[in-house]
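Report on the structure given below.
The values are calculated or read from the model by the stated rules, or taken from the named source; none is laboratory data. In this text the structure is predicted, and so the values were computed from the model without any measurement. Ideal geometry is used to build each Cβ from the backbone, glycine not excepted, and the neighbour counts take in all protein chains shown. The protein model used for the area step is the full one, side chains on, heavy atoms only, and it has no ligands, DNA or RNA in it. Shrake-Rupley method; radii C 1.70, N 1.55, O 1.52, S 1.80 Å.
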Amino acid sequence: MVSTLWRTRSHELILILVIILFAWLRFGLVAVPLERDEGEYAYAGQLILQGLPPYQDVYTMKLPGVHLMYAGIMALFGQTHQGIHIGLILINAVVIITLFLLGRKLVGPLAGLTAAGVFAVLACGQAIQGIFANAEHFVILFAVPGFLLLHKALDENRPLLLGLSALLLGTCILMKQHGALFPAFGLIYGAARVVLKRNNHTLKQGLFQVTLFGFMAAIPFGITCLIFFSLGIFDAFWLWTFEYARAYATSIPLSVAWLGLKSAVTGIVKDAPLIWLLVIGGAACLLSKTASRSSRLFIAGFALASFLATVPGFYFRFHYFILVLPAASLLAGLAVHGFSRSRLIGRVVNKHHLLASVFVVTVIVVTLLSSREFLFSMTLHEVSRSTYGLNPFPESLEIARFIQEHTTEHDRIAVIGSEPQILFYARRRSATGHIYMYPLMESHAFALSMQEEMIREIEAAEPTVLVYVNVDVSWLMRPDSHRHLFQWLNHYGSTHYTPVGLVRIMREETVYEWAPPVRIPQDTRTWILVLQRREMR
């Protein structure tokens with residue numbers, strides 16, 4: 001009976017083993033401290049659970065989808081960093097399953113399994129920062145199932161499935177603006193399928209399908225705009241997600257873009273060179289007849305759209321390339337499928353693809369072994385530090401504990417730095433909606449007015465605690481950054497607050513001082529000062 005089950009359900013059983021293996025690997029890292037983007041999503045999600053929408057108490061250029069997803073995850077698994085990363089395990093499993101189904105439909109079961117396994121490995125990579133719940137994970141959570149349903153809808157002429165696929169792909173943009181490339185590609189691919197059929201009946205039918213797809217894909221964003229308009233915060237929503245986002249996305253000159261792209265790609269490829277060679281092999285297979293013309297057209301277009309989704313703004317941050325992983329994994333699956341169908345291999349293993357399967361497993365195992373220190377040996381503090389350097393992500397937990405012990409749940413605090421994870425851990429509301437300092441330091445028309453707005457909000461709220469973050473990457477100051485905020489803080493802080501804690505962050509260790517008198521250190525440039533309002537002590 002077992003052998004019969006294995007013969008009939010071998011691919012599904014292997015898929016289950018892949019999911020269990022990588023869920024186990026990820027589970028060992030669920031308690032890794034949040035990084036700052038995760039901190040933003042978690043804090044905004046926390047406020048949503050309290051009935052407070054984004055853009056009212058949290059100013060962010062991110063669209064609200066990822067904040068809602070975090071709120072949902074925390075409602076299920078608790079408002080902790082562990083709960084967030086457990087939610088990511090489930091999201092990762094959904095992508096693995098749907099990628100297998102998509103690969104199987106496009107090319108075949110071996111290609112589907114290869115795509116699932118390759119994605120699972122790459123999504124755990126340290127260079128790509130895959131164990132952290134960044135917005136890109138949520139984009140592909142909707143993109144991969146959306147494309148799976150799109151293929152089924154087009155193959156079977158099912159308008160209901162087509163509309164559902166458009167809704168899923170349209171939701172990608174709510175997770176991150178870059179996700180707009182996926183519904184756009186879905187529309188183009190659907191239109192191309194219609195044109196390739198070349199007859200009047202399918203042309204009329206195709207026109208209906210394309211119109212339906214475009215309309216349904218626009219619904220998620222349209223509903224979002226209506227909701228914020230009804231809440232009276234549409235202007236703030238539009239300012240941050242489009243007007244400021246446009247200024248942010250046009251601040252990097254094209255001359256610098258190549259250096260950023262080269263650095264990111266080099267680091268990611270070095271993390272898993274064998275797999276990326278397999279991906280290159282899949283790209284070469286696009287020119288052969290390894291799969292149907294429609295499948296090859298889709299995979300090529302998906303890969304192009306995925307890469308273009310990393311381009312806006314020319315920032316090329318490592319985790320942006322999570323968007324590329326599903327398409328890259330399908331290319332790897334195409335390569336293995338082509339390898340298994342070659343005449344030489346066909347004579348050796350007949351129809352069972354044994355050698356090709358062993359090859360894939362070997363590549364995956366070698367890649368995992370090369371990452372064994374990151375996945376198995378490092379402490380959680382070391383995982384954070386080796387990935388993000390001296391960013392104060394581990395220290396945020398201890399700072400938040402101190403704040404919780406010295407404030408009430410009704411007190412406001414102000415984090416003068418880009419460390420929103422402190423707000424989330426402490427479960428205290430910010431005295432200002434400016435939870436990132438980057439927009440205030442950039443070279444655009446909004447910067448000075450943002451600093452002045454932050455000052456007004458803090459003075460009005462009279463926060464019980466100020467946290468000043470003297471960490472370069474928490475500010476990214478430029479030579480032309482306005483210094484008004486620092487001039488104000490020097491006077492306001494010394495007039496109304498007393499230093500009660502100091503965190504000195506060094507490469508070898510972090511030193512915490514929680515007993516006054518506290519003096520700004522001279523032996524390190526990276527430190528965090530915690531101040532308490534005098535009349536509240």
- Message: Among the complete DSSP H segments of the chain, which ones combine at least 15 Å of alpha-carbon extent along their axis with a mean Kyte-Doolittle hydropathy of 1.6 or more?
- Response: 65-77, 109-122, 159-175, 273-285, 354-370
- Specify which residue in the list Phe228, Pro273, Leu162 is farthest towards the positive end of the charge dipole of the chain, using unit charges on the beta carbon of Lys, Arg (+1) and Asp, Glu (-1), about the Cα centre. Leu162
- Query: Dipole of the chain, Cα-centred, from +1 at each Lys and Arg C-beta and -1 at each Asp and Glu C-beta, to the nearest 20 debye?
  - Reply: 2740 debye
- In whole Å, how far is the Cα centre of the stretch 379-418 from that of the stretch 133-197? 38 Å
- Query: Under a point spin-label approximation (7 Å from Cα along Cα-to-Cβ), what is the Leu52-Cys225 distance to one decimal in nm?
  - Reply: 2.8 nm
- Item | Using a Förster distance of 30 Å, the FRET efficiency for Thr266-Arg372 (Cβ separation, nearest 0.05) | 0.90
- Query: What does the helix-only formula give at 222 nm for the chain: each DSSP H stretch with n ≥ 4 adding -39500 (n - 2.57), the total divided by the residues, and the result rounded to the nearest 500 deg cm²/dmol?
  - Reply: -20500 deg cm²/dmol
- Task: Report the paramagnetic label zone for Asp235: residues of the stretch 34-59 whose backbone N is under 19 Å from a point 7 Å from Cα along the Cα-to-Cβ axis.
- Result: 53-59
- Rounded, prolate or oblate: which fits the stretch 30-150, taking a ≥ b ≥ c as square roots of the Cα gyration tensor eigenvalues, rounded meaning a/c under 1.5, else prolate when a/b beats b/c? prolate
- Message: With a 1.4 Å probe and all protein chains left in place, how much of the accessible area of the chain comes from carbon and sulfur atoms, in whole percent?
- Response: 65 percent
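About its Cα centre, what dipole magnitude does the stretch 45-176 give when the only charges are +1 on Lys and Arg Cβ and -1 on Asp and Glu Cβ, stated in debye to the nearest 20? Show your work: numbers first, answer last.
Values: 6 positive and 4 negative charges, 39 e Å.
Rounded to the nearest 20 debye, it is 180 debye.
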- Simple label model, 7 Å out from Cα along Cβ direction - Ser255 to Ile16, nm: 6.0 nm
- For Lys105, go through the aspartates and glutamates and keep the ones whose alpha-carbon is under 18 Å away, minus same-chain ones fewer than eight residues off. Glu12, Asp155, Glu156
- Item | Sparse-neighbour loop sites [trypsin sites (Lys or Arg not before Pro); the stretch 490-535; at most 13 other C-beta within 10 Å; DSSP] | Arg507, Arg519, Arg525
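Would you calculate the convex hull of the Cα atoms in the stretch 131-274 and tell me its volume per residue in Å³?
About 170 Å³ per residue, rounded to a whole number.
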- Task: With a cut-off of at most 16 other beta carbons within 10 Å, and DSSP calling the residue loop, which trypsin sites (Lys or Arg not before Pro) in the stretch 232-310 qualify? Please list them.
- Result: Lys289
- Note on the structure: Listed by chain and number, the aspartates and glutamates with an alpha carbon less than 17 angstrom from that of Lys270, same-chain partners under 8 positions apart left out, are Glu373
- Task: In debye, nearest 20, what is the charge dipole magnitude of the stretch 231-373 about its Cα centre with +1 on Lys and Arg Cβ and -1 on Asp and Glu Cβ, if you could check?
- Result: 840 debye
- For the chain: accessible area per residue (Å², 1.4 Å): 44 Å²
- Task: With a Förster radius of 51 Å, plug the Cβ-Cβ distance of Phe242 and Leu203 into 1/(1 + (r/R0)^6) and report the FRET value to the nearest 0.05.
- Result: 0.90
- Message: As an exercise, use a Förster radius of 35 Å and the Cβ-Cβ distance of Phe27 and Ala284 to find the FRET efficiency, rounded to the nearest 0.05.
- Response: 0.45
- Query: Quick one: length gained pulling Ala515 to Glu535 fully straight, 0.36 nm per residue minus the C-alpha distance?
  - Reply: 5.4 nm
- Task: Just flag the trypsin sites (Lys or Arg not before Pro) in the stretch 175-239 sitting in loop per DSSP whose Cβ has no more than 14 other Cβ atoms within 10 Å.
- Result: Arg198
